[in-house]
Amino acid sequence: MTAVEVERGDSPVVLSYPHSGTDLPEAIFQRLNARGQQLADTDWHMPRLYSGLLENATQVKALFHRYVIDANRPPSGESLYPGQATTGLVPETDFDGNPIWRDGEVPDDAEVAERRQAFHEPYHAAITQELERIRAHHGFAILYDCHSIRSRVPRLFEGRLPDFNIGTNNGASCAPVLEQRVAAVCAAAEGYSHVVNGRFRGGWTTRHYGRPQEGFHAIQMEMAQIAYLKDEEPPFAYDEDKAAAMRGHLAALLESLERAALDGALTEKEQGNA
């Protein structure tokens, strides 16, 4: 089973998709219980939502599902949000805290290590390669990590999640100008809500690759799925009208990031101030 798919471009912006994959080896799928087999925690339709929005942007897609292994968790398995509910490197429960494996089928440490080598490592090797290639071309690279989640998950957060959740690890993962540009586009999106470094401040991908002093900038965008899905229940259908409106704002956002880079906003001083 192929772990990762890469589409290469020359834009300074690289799009990554750690949670949109739905592939599972059949042997793993059969060990999931009925709830787990719904794959409800998928970041549904992310590549479709972003398709064609930024010409010549590199895209790195994890094809495997997060129940195989979570590509946005540290390989060590440590929690990114200590003291808060979350799911692990290989989740044992869904976002609501319900078991996803049949009795006796939760992967042990040896199997987690095998999955890490077979899936997690190739995905991140691909991201590393593409970011280094883009930095060699432009002098810097911007990783934009594409995510979505149900708008209401009481175990993870209170109330209704904002439509746009911008994560920069509290400003540490990118130059300030990039965070400002993303926030400005989201703030101008009439009828949509947004927050910067709220419940989702950026997962391992954002925190690991976001090293602005070295020319690597990273931003996570976590979107409320109700903003582009017909409903947040199976079959998690894509809503063409909602998505069309959302795509307009996302295109403006990505273009603003690219312009900031190509117009010289990422000076050496600006990168070092992040």
**Message:** Return the pair list, or none, for Cβ contacts closer than 6 Å from residues in the stretch 122-136 that are free of Cβ contacts under 8 Å to residues at least 24 places away in the same chain to residues that are open to solvent by 60 Å² or more (accessible area, probe 1.4 Å), at least 6 apart or on different chains.
**Reply:** none
**Request:** Determine if the stretch 213-220 includes at least one residue that is closer than 24 Å to residue 20 by Cα, surrounded by 14 or more Cβ atoms within 10 Å (Cβ to Cβ), aliphatic (A, V, I, L, M) and touching a strand residue (DSSP E or B) at 6+ places or on another chain (Cβ under 7 Å).
**Result:** yes
**Request:** List the number of the failed condition for residue 204; all other conditions in (1) under 27 Å from residue 23 (Cβ atoms); (2) surrounded by fewer than 20 Cβ atoms within 10 Å (Cβ to Cβ); (3) out of contact with any Ser or Thr (no Cβ under 9 Å at 6 or more places or on another chain) hold.
**Result:** (2)
**Prompt:** Which residue pairs have Cβ atoms under 6 Å apart, sit 6 or more places apart or on different chains, and have a first residue in the stretch 76-94 that is under 18 Å from residue 201 (Cα atoms) and a second that is surrounded by fewer than 16 Cβ atoms within 10 Å (Cβ to Cβ) and among the basic types (Lys, Arg)?
**Reply:** 85/155
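Matching residues to (1) small (Gly, Ala, Ser); (2) at positive phi:
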{"residue": "212", "(1), (2)": "no, no"}
{"residue": "224", "(1), (2)": "yes, no"}
{"residue": "236", "(1), (2)": "no, yes"}
{"residue": "240", "(1), (2)": "no, no"}
**Request:** Report the residue count in the stretch 1-24 for those that are surrounded by fewer than 15 Cβ atoms within 10 Å (Cβ to Cβ) and hydroxyl-bearing (Ser, Thr, Tyr).
**Result:** 2
**Prompt:** Taking the stretch 50-74 only, how many residues are touching a Lys or Arg at 6+ places or on another chain (Cβ under 7 Å) and open to solvent by less than 10 Å² (accessible area, probe 1.4 Å)?
**Reply:** 3
**Asked** If you check residue 111 against the conditions, is it charged (D, E, K, R) and closer than 18 Å to residue 156 by Cα?
**Response** no
**Request:** Scan the stretch 242-266 residue by residue and report those that are among the hydrophobic types (A, V, I, L, M, F, W, C), open to solvent by 50 Å² or more (accessible area, probe 1.4 Å) and modelled with pLDDT of 95 or more.
**Result:** 244
**Item:** Within the stretch 132-163, considering residues that are among the aromatic types (Phe, Trp, Tyr) and in contact with a helix residue (DSSP H, G or I) (Cβ under 8 Å, 6 or more places away or on another chain), the one nearest to residue 222 (Cα to Cα)
**Value:** 144
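Conditions (1) exposed (fewer than 13 other Cβ atoms within 10 Å of the Cβ); (2) at pLDDT below 95; (3) part of a loop (DSSP other than H, G, I, E, B), marked per residue:
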site	(1), (2), (3)
76	yes, yes, yes
79	no, yes, yes
87	no, yes, yes
120	no, no, no
123	no, no, no
142	no, no, no
148	no, no, no
153	no, no, yes
174	no, no, yes
**Message:** Going residue by residue through the stretch 25-48, is there one that turns out to be under 19 Å from the mean Cα position of the chain (by Cα) and surrounded by fewer than 15 Cβ atoms within 10 Å (Cβ to Cβ)?
**Reply:** yes
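Kindly indicate whether residue 198 is open to solvent by less than 50 Å² (accessible area, probe 1.4 Å), in contact with a Ser or Thr (Cβ under 8 Å, 6 or more places away or on another chain) and of a type outside the set (Lys, Arg).
In short, no.
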**Prompt:** Considering the stretch 221-241 alone, what residues qualify as being buried (at least 21 other Cβ atoms within 10 Å of the Cβ) and not in a helix (DSSP H, G or I)?
**Reply:** 221, 222, 223, 224, 228, 229
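The values are calculated or read from the model by the stated rules, or taken from the named source; none is laboratory data. Remember, predicted model here, so these are calculated numbers, not experimental data. Cβ atoms come from the backbone with ideal geometry, glycine included; neighbour counts cover every protein chain shown. Ligands, DNA and RNA are excluded from the accessible area calculation, which covers all protein heavy atoms including side chains. Shrake-Rupley method; radii C 1.70, N 1.55, O 1.52, S 1.80 Å.
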